[in-house]
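The values are calculated or read from the model by the stated rules, or taken from the named source; none is laboratory data. Values in this document were obtained by computation on a predicted structure and should not be read as measured data. Cβ sites come from the backbone with ideal geometry, for glycine too, and all protein chains shown count toward neighbours.
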Amino acid sequence: MTIATAHRRRARWPVVLFAALLAMFALSASPAMASDGPADTGAHGDIIDPATAPESISVWVRVLSDKSGVAGLGVAVTGPKKFSETFTTDAQGRVSVGLPAPGTYTVTIDEKTIPAGIGSLPTGTNPRRVDVGETNKDVPANFLIGAAATVATPTPGTTAAPGSDSGSTTGSSAGSSGEFWDLLVSKLVTGIIYGLLIALASIGVSLIYGTTGLNNFAHGELVTFGALMAYLISGVFGLPGWLGIVGAVILGGLFGYVQDLAIWKPLRKKGVGLVPLMIVSIGLALATRYIFAFFFGADRLSLPNDPSPFLVIGPVSLRFTDVMGAVVSIVVLLAVAYIMLRTKIGKAARAVSDNRSLAAASGINVDGVIRYIWIGAAALAALSGVLIGYYQSLRWDTGSSILLLIFAAVTLGGLGSAFGALVGSLVLSIFMNLSTLWLPDNLKYAAALVVMILILLFRPQGILGKRERIG
């Protein structure tokens with residue numbers, strides 16, 4: 001096969017990748033959809049636990065002058081399925097409300113419970129309508145007492161941004177300039193955090209593609225595997241959370257090693273082409289996904305987590321696990337950069353990615369390098385799954401639900417470039433979060449993909465990809 005032919009075949013990967021994505025999402029179906037029954041409305045009954053509910057609202061009432069929370073306020077929330085509950089704000093002026101279903105909810109502050117001397121709610125801010133999308137947790141409903149300006153009723157359709165199902169409090173729609181900038185800053189922070197978590201998984205996809213040429217559609221299941229192992233260790237067996245994270249990463253790496261040893265290495269030795277290998281990865285993804293559903297069920301699961309604020313900076317409020325996830329991601333990403341640039345295995349992996357035949361002729365053990373890449377990529381995916389599980393909730397298809405975002409990040413950053421995957425993940429996540437300032441939440445992925453397409457039109461190789469002559 002000539003070099004020109006090889007380049008032409010390599011140039012066809014976007015078409016094959018897009019077709020495989022369509023096939024995969026067409027074949028996948030949620031078993032929960034067949035078994036969903038009437039939801040617990042929580043109307044005048046047991047209050048729904050916001051920690052385990054798929055959807056929830058985070059109410060935060062503060063004083064404009066010093067941004068301090070107002071405790072003891074009455075809060076009424078009404079919505080679909082005859083949902084109607086009343087709550088009282090805590091010492092920080094907060095209350096989390098578990099919801100029975102997605103939809104539009106009305107949050108009303110009992111103004112009779114506002115202490116004297118701190119002012120009142122501006123006209124048009126109470127009650128506040130909040131649109132909650134599917135699996136959106138902690139959708140913000142923020143109130144400022146004592147604001148002088150009249151604030152318009154929030155625009156319907158603004159919900160939590162991607163990844164904002166964390167404890168981050170970001171504001172719903174902003175009717176005043178101050179609220180808008182608070183909301184902008186909060187969405188930027190949540191976009192960065194979520195982008196770091198996605199980058200851990202995206203780098204693994206990029207490394208596997210760089211060394212083997214395989215677009216692994218079963219990578220999302222490596223993400224899910226890590227989250228479920230952490231749930232098993234910490235949630236079921238009751239062991240400390242840090243042990244669950246370490247155990248999930250080790251088991252994830254072992255899972256990647258077994259996959260390569262049992263499936264991918266034998267197929268490589270038989271000379272199976274990349275398209276059949278891609279189809280095998282789709283089948284493996286579907287099989288693994290439903291094995292997860294069989295053993296863990298189709299319900300949403302939650303890792304042990306403290307929902308109380310840990311770090312509050314201006315309009316941004318983060319839980320401990322949010323801060324921990326960002327810090328761990330940064331440390332691990334720096335470690336990956338050091339390994340790729342400074343160690344023998346990293347240099348060997350880059351050599352295999354650049355020219356596999358030349359690397360083998362130079363004495364590099366290509367199969368050994370690929371084995372290490374599979375172990376490392378699976379461990380990174382498992383860590384990403386655990387941190388995403390803490391950041392939001394998890395279920396049998398957590399990884400597959402973000403697979404399109406992972407591939408989009410890798411493509412945007414440049415296929416085969418680990419650093420490109422990081423940049424692509426951050427760009428897409430930040431843009432998705434910011435886009436919900438103006439667009440409905442259900443269009444966040446479309447907005448990010450439009451940005452990806454526009455960038456690739458001007459730089460087809462991706463942000464950090466290398467330009468190659470075709471033909």
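Consider Phe294 carefully, then state whether it is in contact with a Lys or Arg (Cβ under 7 Å, 6 or more places away or on another chain) and more than 30 Å from Ala418 (Cβ to Cβ). Criteria not met by Phe294. In the set (1) buried (at least 21 other Cβ atoms within 10 Å of the Cβ); (2) small (Gly, Ala, Ser); (3) more than 25 Å from Gly226 (Cα to Cα); (4) touching a Ser or Thr at 6+ places or on another chain (Cβ under 6 Å), Ala447 fails one condition alone, (1). Do we have any residue at all in the stretch 266-281 that's among the basic types (Lys, Arg) and part of a helix (DSSP H, G or I)? Yes, the stretch 266-281 contains a residue that is among the basic types (Lys, Arg) and part of a helix (DSSP H, G or I). Give the number of residues within the stretch 188-247 that are assigned to a helix (DSSP H, G or I), buried (at least 21 other Cβ atoms within 10 Å of the Cβ) and hydrophobic (A, V, I, L, M, F, W, C). Count: 21.
Restricting Ile364, Ile430 to residues that are over 16 Å from Ile203 (Cα atoms) and either part of a helix (DSSP H, G or I) or not assigned by TED's automatic domain parsing to the domain that holds Ile250 (or both) narrows the list to Ile430. The condition (being under 18 Å from Ser186 (Cβ atoms), surrounded by 18 or more Cβ atoms within 10 Å (Cβ to Cβ) and modelled with pLDDT of 85 or more) is satisfied by just one residue among Val75, Val61: Val61.
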